[in-house]
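Notes to accompany the following structure.
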Amino acid sequence: MQSLGSPIVSVVIPVYNGEKYLEATLRSVMNQSLKDIEIYVVNDASKDSSAAIVEQLQKIDSRIHLINKKNSGVADSRNKGLEASKGTFVAFLDQDDIWGETNLEEKVNAILESDKKWAFSDISFIDEKGDPLFREEKLVTDDFYNNILKWKNVIPAPSGNIVVLREFMGSDIRYDVKIPCPADRDICVQLARKAPPVFINRKLWQYRIHNESMSVVDKRVAREMAIMYDKYKREGYFPDKQTRKIALSTVYFMIAGMCFKFTGEPRKGFSFLVKSFIAYPALFFRNVLLRIRKGPKSWR
């Protein structure tokens, strides 16, 4: 590895009531093959023993730093950790996920060996006990920016997956505190708007699926997804009219499905179906036919 500033990587881990999985998550970072790192755990006013777990691990690893703050949400916690950190590269990890031993080393090397400024990899899935879940994600690796806007599966579980050159983030790319639920995907859209990443076709970390995870859909997710795409319309994120039509129709259709299946808001669901139709009628009817074939349980 070429000579870099020290620490090479700053790892930021937001925590809120994460005692169940936090030690395993932290140990997976402590055991990385790339040793020149610093670890910032940002405690978002947890009411459990999360802070105590971090303080115990600090006794055996001086690379760990604990930031205690008032409750302000996961997006703000990530930003606070980013501002405190000093590494040449920055990586983010959720409180319940696990990195493979070479995760950071492989991603940093992939960036250094390419002309890219950030990297992500394939992932595997585990349940709440840490046992493997045999779930495959079909990734789309071409035309990254347009496809992430269209909500295609270009990057699985974004926040814990990316390693970014700090200078590339600059002072303008931050987690959007107005949309904490999809903020991790939004950060990837912000990065991809500047330049595409390098993809590592290896399962370098484990994404935990459980009932408390932020992937559980609720009213906030549907609302914040709509806010996020209103931002993209307002701030000119869409590179062309066709991408805009596909992206809006797809996302509005997804939000409608959430309203029907998860949030108990059918009236709002129908309003988003109308928005999906207006954005791109042909794609709307294609999605309706697909859902009819799969059955009502497929709505999302």
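Can you pull the one-decimal nm distance between simple spin-label points at L112 and Q242, each 7 Å off the Cα toward Cβ?
Simple spin-label model gives 4.0 nm for this pair.
Where both partners of a DSSP beta bridge lie in the chain, what percent of those bridges are antiparallel, to the nearest 5?
Numbers: 9 of 33 bridges.
Percent antiparallel among DSSP bridges in the chain is about 25.
Please work out the C-alpha center-to-center distance from the stretch 273-295 to the stretch 105-153 and express it in whole Å.
28 Å
Hey, what's the stretch 103-186 come to in accessible area per residue, 1.4 Å probe, Å²? Walk me through the intermediate numbers first.
Working: 3680 Å² over 84 residues.
About 44 Å² of surface per residue is accessible.
Based on the Cβ-Cβ distance of K20 and F262, what FRET efficiency does E = 1/(1 + (r/R0)^6) give at R0 = 25 Å, to the nearest 0.05?
Working: r = 23 Å, r/R0 = 0.94.
Calculated value: 0.60.
Under a plain spin-label model, where a point goes 7 Å from the Cα along Cα-to-Cβ, how far apart in nm are K70 and E128?
3.2 nm
³J(HN,Hα) across the stretch 164-177 via Karplus (A = 6.51, B = -1.76, C = 1.60, θ = phi - 60°), whole Hz, x for Gly/Pro?
10, 5, 4, 5, 5, 5, x, 9, 9, 8, 9, 5, 7, 6
Among A24, F144, V12, whose Cα projects farthest towards the positive end of the dipole of the chain, with charges put on the beta-carbon of Lys, Arg (+1) and Asp, Glu (-1)?
Farthest along the dipole direction, towards plus: F144.
According to a simple spin-label model (label point 7 Å from Cα along Cα-to-Cβ), what is the distance in nm between L4 and I209?
Going from the I209 label point to the L4 one covers 3.2 nm.
Starting with the highest mean, order 176-185, 142-151 by the number of other Cβ atoms within 10 Å, averaged over the residues of each peptide. Don't jump to the answer; show the numbers that get you there.
On the way: 176-185: 20.5, 142-151: 18.4.
Top to bottom by mean Cβ count within 10 Å: 176-185, 142-151.
Set the Förster distance to 30 Å, then compute FRET efficiency between K294 and R220 from the Cβ-Cβ distance, nearest 0.05.
For R0 = 30 Å, the calculated efficiency reads 0.70.
Compute, for the chain, the length of the dipole vector about the Cα centre, with Cβ point charges of +1 (Lys, Arg) and -1 (Asp, Glu) only. Units Debye, rounded to 20.
Dipole magnitude for the chain comes out near 1620 debye.
At 0.36 nm per residue, minus the direct Cα-Cα distance, what do V140 and S33 gain on full extension? Give it in nm, one decimal, please.
Values: separation 107, 0.36 × 107 = 38.52 nm, distance 2.86 nm.
So the chain would gain 35.7 nm between V140 and S33.
When the chain is modelled as a GNM with alpha-carbon springs shorter than 10 Å, which of K245, K194, K129 fluctuates the most?
Ranking K245, K194, K129 by mean-square fluctuation puts K129 first.
Excluding V154 itself, calculate the net charge of residues whose Cβ lies under 11 Å from the Cβ of V154, where each Lys or Arg counts +1 and each Asp or Glu counts -1. Write out the running numbers ahead of the final one.
Values: positive: K138, K150, K152, R185; negative: E137, D142, D143.
Net of charged neighbours comes to +1.
Between E167 and S62, what length in nm is gained on full extension when 0.36 nm per residue of separation is reduced by their alpha carbon distance?
Numbers: separation 105, 0.36 × 105 = 37.80 nm, distance 2.54 nm.
Gain in length upon complete extension: 35.3 nm.
The values are calculated or read from the model by the stated rules, or taken from the named source; none is laboratory data. If you're wondering where the values come from, they're calculated on a predicted model, not measured in any experiment. Here the Cβ is made from the backbone with ideal geometry for all residues, glycine too, and neighbour counts use every protein chain on show. These area figures cover heavy atoms from the full protein model, side chains too; ligands, DNA and RNA do not enter into them. Shrake-Rupley method; radii C 1.70, N 1.55, O 1.52, S 1.80 Å.
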